[in-house]
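This report concerns only the one structure given below.
The values are calculated or read from the model by the stated rules, or taken from the named source; none is laboratory data. Since the model is a prediction, treat every value here as computed from it, not as a measurement. Glycine gets a Cβ as well: all are built from the backbone with ideal geometry, and neighbour counts include every protein chain shown. The area values use the complete protein model at the heavy-atom level, side chains included, leaving out ligands, DNA and RNA. Shrake-Rupley method; radii C 1.70, N 1.55, O 1.52, S 1.80 Å.
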Amino acid sequence: MTAHAIGSRLRITEKTVVKHKENLYEKLRVHDRVTAINEARFLGLISPEPPVG
């Protein structure tokens, strides 16, 4: 999902989405989306399986 699509869905600006993403990457010490997801799963921050449906 793009930053624009996420922003539209959450009713925030694309710039805000990008900033939140940058902050998240910094906290997880990663540089891309896939690595961020894997690290969050490893740390137990998100469920190991994607939602069904």
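Give the residue that is most open to solvent (accessible area, probe 1.4 Å), with candidates limited to residues of the range 17-53 that are assigned to a helix (DSSP H, G or I) and of a type in the set (Val, Ile, Thr).
34
Quick one: what pairs do we get from the range 32-52, first residue closer than 23 Å to residue 18 by Cα, second outside any helix (DSSP H, G or I), C-beta under 8 Å, 6+ apart or different chains?
Going by the 8 Å Cβ cut-off, the qualifying pairs are 36/30; 37/46; 39/29; 39/30; 40/46; 41/47; 41/48.
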